[in-house]
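Asks: Please find one structure pasted underneath; my questions will follow.
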Amino acid sequence: MNKGKITGLAHIGIFVKDIDKSIDYYKRLGFTLDKEEQLGIRLAFLSAGTCLIELVEQKDLLKREAGVVDHVAVVVDDIDGAIANAKAQGIKIDASKINEVPILGGVRNIFFEGPDGERLEFFEYCCTP
């Protein structure tokens, strides 16, 4: 029996300046607030499907000593619909920047920014290269 193996992604942690603003943003994007914690710093866990994001409030992001995550990609079943839903919630996404990329059997994707400049990506498995 192989014990200690990786079985999946637990969550993605994102440092944010204003956790209330970020919670609102991610809820408008389609995430559900699952839990908030106070452990000397404020934490919030939000989910959408199998994606779990942990927001970590750190008011001065420049003092962060840890590494930086390049982007958070969430799988969508219809990128055009996901963009339309986000725009209806006041989230700015430039739909002209959708890419078709011949990776993983063919995908459509688009990058956009969260409230603290974090890079987010809608990722649709779709097309054959």
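The values are calculated or read from the model by the stated rules, or taken from the named source; none is laboratory data. The structure displayed is predicted, hence computed values, not measured ones. Neighbour counts are summed over all protein chains in view; Cβ atoms, including those assigned to glycine, are modelled from backbone coordinates with ideal geometry. Remember, those area values only see protein heavy atoms, side chains included, never the ligands or the DNA or RNA. Shrake-Rupley method; radii C 1.70, N 1.55, O 1.52, S 1.80 Å.
Asks: For the chain, what class follows from the C-alpha gyration tensor (a ≥ b ≥ c being the square roots of its eigenvalues): rounded when a/c is under 1.5, otherwise prolate if a/b is larger than b/c, else oblate?
Replies: Oblate is the answer for the chain, as a/c is 1.5 or above yet b/c matches or exceeds a/b.
Asks: Please report the net charge: other residues with Cβ closer than 15 Å to the Cβ of THR32, K and R +1, D and E -1.
Replies: Surrounding charge for THR32 is -1.
Asks: Take every Cα pair under 8 Å in the stretch 72-129 that's 6+ residues apart, average their separations, divide by the length, and report that relative contact order as a whole percent.
Replies: Across the stretch 72-129, relative contact order equals 40 percent.
Asks: Determine the relative contact order of the chain: mean sequence separation of Cα pairs under 8 Å and six or more apart, normalised by residue count, in whole percent.
Replies: So the answer I get is 23 percent.
Asks: Are any of the pairs LYS21/LYS59; LYS21/LYS92; LYS21/LYS97; LYS3/LYS35; LYS59/LYS87 more than 20 Å apart by Cα-Cα distance, and if so, which?
Replies: LYS21/LYS97; LYS3/LYS35; LYS59/LYS87, as the Cα separations exceed 20 Å there.
Asks: Only bridges with both residues in the chain count here: give the DSSP antiparallel percent, nearest 5.
Replies: Approximately 70 percent, going by the DSSP bridge assignments.
Asks: Could I ask something else about it? GNM, the chain, Cα, under 10 Å: largest mean-square fluctuation among LEU104, LEU52, LEU29?
Replies: Looking only at LEU104, LEU52, LEU29, the largest GNM fluctuation is found for LEU104.
Asks: If you line up the long axis of helix 79-88 against the longest principal axis of the chain, both from Cα atoms, how many degrees apart are they, to the nearest 10?
Replies: Helix 79-88 sits roughly 50 degrees off the main axis of the chain.
Asks: Just subtract the alpha-carbon distance of ASP24 and ASP78 from 0.36 nm times their residue separation and send over the number in nm, one decimal.
Replies: That pair, ASP24 and ASP78, stretches by 17.2 nm at full extension.
Asks: Can you give the angle from 0 to 90° between the axis of helix 19-29 and the longest principal axis of the chain, with both taken from C-alpha atoms, to the nearest 10?
Replies: That works out to roughly 20 degrees.
Asks: Hey, any idea what % of the chain's accessible area is carbon plus sulfur with a 1.4 Å probe?
Replies: Ligands and nucleic acids excluded, carbon and sulfur reach 52 percent.
Asks: Another one. Before rounding to the nearest 500, sum -39500 (n - 2.57) across all DSSP H runs of length at least 4 in the chain and divide by the residue total; then give [θ] at 222 nm in deg cm²/dmol.
Replies: -5000 deg cm²/dmol
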